[in-house]
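Asker: Below is one structure. I have some questions about it.
The values are calculated or read from the model by the stated rules, or taken from the named source; none is laboratory data. Just so we're clear, the structure is a prediction, and the values are computed from it rather than from any experiment. Note: ideal-geometry Cβ built from the backbone for every residue, glycine included; neighbour counts use all protein chains shown. Side chains included, ligands, DNA and RNA excluded: accessible areas come from the protein's heavy atoms. Shrake-Rupley method; radii C 1.70, N 1.55, O 1.52, S 1.80 Å.
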4 protein chains.
Amino acid sequence: MDKKIFISVIGESNSSPEIYKLAEEVGAEIAKAGAVLVSGGLKGVMEASCKGAKSAGGTTIGILPGSKREEGNAYIDYPIITGVGYARNKFVVKTGHVVIAVGGHYGTLSEIAFALGYKLPVVGLKTWQMIDHYGQMVKDVHYTTTPKEAVALALKLAREARPEEPSEFKK
Amino acid sequence: MDKKIFISVIGESNSSPEIYKLAEEVGAEIAKAGAVLVSGGLKGVMEASCKGAKSAGGTTIGILPGSKREEGNAYIDYPIITGVGYARNKFVVKTGHVVIAVGGHYGTLSEIAFALGYKLPVVGLKTWQMIDHYGQMVKDVHYTTTPKEAVALALKLAREARPEEPSEFKK
Amino acid sequence: MDKKIFISVIGESNSSPEIYKLAEEVGAEIAKAGAVLVSGGLKGVMEASCKGAKSAGGTTIGILPGSKREEGNAYIDYPIITGVGYARNKFVVKTGHVVIAVGGHYGTLSEIAFALGYKLPVVGLKTWQMIDHYGQMVKDVHYTTTPKEAVALALKLAREARPEEPSEFKK
Amino acid sequence: MDKKIFISVIGESNSSPEIYKLAEEVGAEIAKAGAVLVSGGLKGVMEASCKGAKSAGGTTIGILPGSKREEGNAYIDYPIITGVGYARNKFVVKTGHVVIAVGGHYGTLSEIAFALGYKLPVVGLKTWQMIDHYGQMVKDVHYTTTPKEAVALALKLAREARPEEPSEFKK
């Protein structure tokens, strides 16, 4: 039953109009591809991506940090209530087959770090860049420049990450 | 968007055929009522309730304790991957508007305790009974004797628990 | 270096004077035995046991549910700040070699359930009794009637639980 | 009772000899200042800092990601067993008044992000640098070049972060 692709969209809760618009387009592309959108369920990029997904008939999961269903944004189909604060960032990334980072403040940075640590593929769209303590720029993030490109690459990476199921993947 | 009722079904992962059958019926009743079934996503009561829900066209969420999608049972639409072991029991109960306990071993007992602690309504079906340190039997669990009765009561309690939204509730 | 015995004391945050006194004596006995007291760090039994331990020169750890150091009681040497609410109950029991339950409300019930699920030895002192869904009283809790008896038994069980290190145990 | 300063030392579990040595010196400096060292409890920087602290008569706490006491390094006085994987990174940073990052891989990056998100002061020693999505280098990390400098600055920041207790701070 679990042949759907889950894509986690991460990004700041307090986003500029430009970033909000990018996230909305990312959500819409995810929905058009038949993938499920996972997010942290709050405002900003989380809201925008869920809004975009719903506008295109998609399905959205919001993994909330707090203890109240009401803190979720208005575009979440399935709110998951954790009450563990930002420890939930781990669940947001783990629940996706792939992660797309759009913009992002420190919470997003922690999620990128978790995803890379768990060896989940990470696609970036106007997001963090990191320089390690040897002075090397991190190359594990797949940077893209448009929502379409980001989602297309995320889908490709999600499929590659599941070599055991290639023939079954459809939606 | 979040007007759906979420019902968490908790119970042992290693269940007798009798308990398995009860859980399957509970799942089917939940689906028929248009509510979303939340569970811990593993075998036994968790599997049975998801199976019942899917057989009746319902929707299922499995909040997994481990780090792998594959540990979820075959009847989960939306697996949530936490990797926090039984700390996830908190999220299983919090994500429901109401909890139904069917059978159950120690994990279930912890979930009943969490639900009562968070003042979530708990419906019991052949499950734990507890005697506090004053020698008083706990009266906060609503014991029932059939799946139909359990789900009907759970729906009633879920609606009562949301007095702010009575006119909006439909499904 | 880790040859010390850790004993987790669990119990209600809002306790009667009788339970408070029992918990204080439990804490003092733990300290006299040279074991480290682990608790959830709040008031009631948690405070009383830490207070008793400090009065006897012991060491106390408080694993706090919230995000603020200040919520810890006044008798904690080492506050651990989790910010995950009652999901921290898992850590409180896992951090001990053995658990002593004194009195207790629903949080304590969840901790007893966690401890039994993780097969940690549990000693009870005026605490919960549980009847499973077959109608059998749970026999895995070692009920005692005095603080001295509870701590003596806990120490014995902690040592037995570590058969690999018997000759090294001293303090 | 809680007047001690807690300093969280974060860094990679698989460290070069150079980084290991820096972390050991950081731990020793922390111990000499009478502060308590908090770490994630594993190898590499975590082990080195604990080893350094113990060599100078200090006290060490290890907040372990796994479920077994034995996974902790040999220099931990107080192992905290969480069993939540890298979700425990949140507790490692929150338990400190201040964080010192030495070297570090992705886990450390997530901890720096958490600390900055929680507005905890972060001191860096040969560690990550981050560029936000506006192209700005993050300036919230206080970069230093020697263990002595790092610990001296951490102590200063820890004291400043507690303006409510200035006169009471001693050790």
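Asker: Among the candidates C:SER8, C:SER67, single out the residue that is closer than 26 Å to B:ILE131 by Cβ, away from chain B (no Cβ under 11 Å), in contact with a Gly (Cβ under 6 Å, 6 or more places away or on another chain) and not in a helix (DSSP H, G or I).
Answerer: Within the list C:SER8, C:SER67, the selection yields C:SER8.
Asker: From the list D:GLY135, D:GLY96, D:GLY72, D:GLY104, exactly one residue is in contact with a strand residue (DSSP E or B) (Cβ under 8 Å, 6 or more places away or on another chain) and at the interface with chain A (Cβ under 9 Å from one of its Cβ atoms). Which is it? Please lay out each step first, then the result.
Answerer: Numbers: D:GLY135 fails: in contact with a strand residue (DSSP E or B) (Cβ under 8 Å, 6 or more places away or on another chain); D:GLY96 fails: at the interface with chain A (Cβ under 9 Å from one of its Cβ atoms); D:GLY72 fails: at the interface with chain A (Cβ under 9 Å from one of its Cβ atoms).
It is D:GLY104.
Asker: Then there is this: Touching a residue at least 12 places away in the same chain (Cβ under 8 Å), in a strand (DSSP E or B) and within 10 Å of the chain's Cα centre (by Cα) - does that describe any residue in region D:11-28?
Answerer: Yes.
Asker: So, restricting to helices (runs of 4 or more DSSP H) that lie completely within region C:83-171, which ones have at least 3 residues that are at pLDDT 95 or above and over 27 Å from D:VAL84 (Cα atoms)?
Answerer: Of the helices (runs of 4 or more DSSP H) lying wholly inside region C:83-171, those with at least 3 residues that are at pLDDT 95 or above and over 27 Å from D:VAL84 (Cα atoms) span C:147-160.
This table checks each residue for (1) in contact with an Asp or Glu (Cβ under 6 Å, 6 or more places away or on another chain); (2) acidic (Asp, Glu).
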position	(1), (2)
D:LYS43	no, no
D:GLU47	no, yes
D:THR59	yes, no
D:GLU70	no, yes
D:HIS97	no, no
D:GLU111	no, yes
D:ILE131	no, no
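Asker: Restricting to region D:72-82, and then to whatever is β-branched (Val, Ile, Thr) and outside any strand (DSSP E or B), can you tell me which residue is nearest to C:TYR118 (Cα to Cα)?
Answerer: If we take residues in region D:72-82 being β-branched (Val, Ile, Thr) and outside any strand (DSSP E or B), then D:THR82 is nearest to C:TYR118 (Cα to Cα).
Asker: Looking at (1) open to solvent by 10 Å² or more (accessible area, probe 1.4 Å); (2) away from chain B (no Cβ under 14 Å), which is the one condition that is false for C:CYS50?
Answerer: (1)
Asker: Among the residues of region A:29-64, which ones are of a type in the set (S, T, N, Q) and in a helix (DSSP H, G or I)?
Answerer: Within region A:29-64, A:SER49, A:SER55 qualify.
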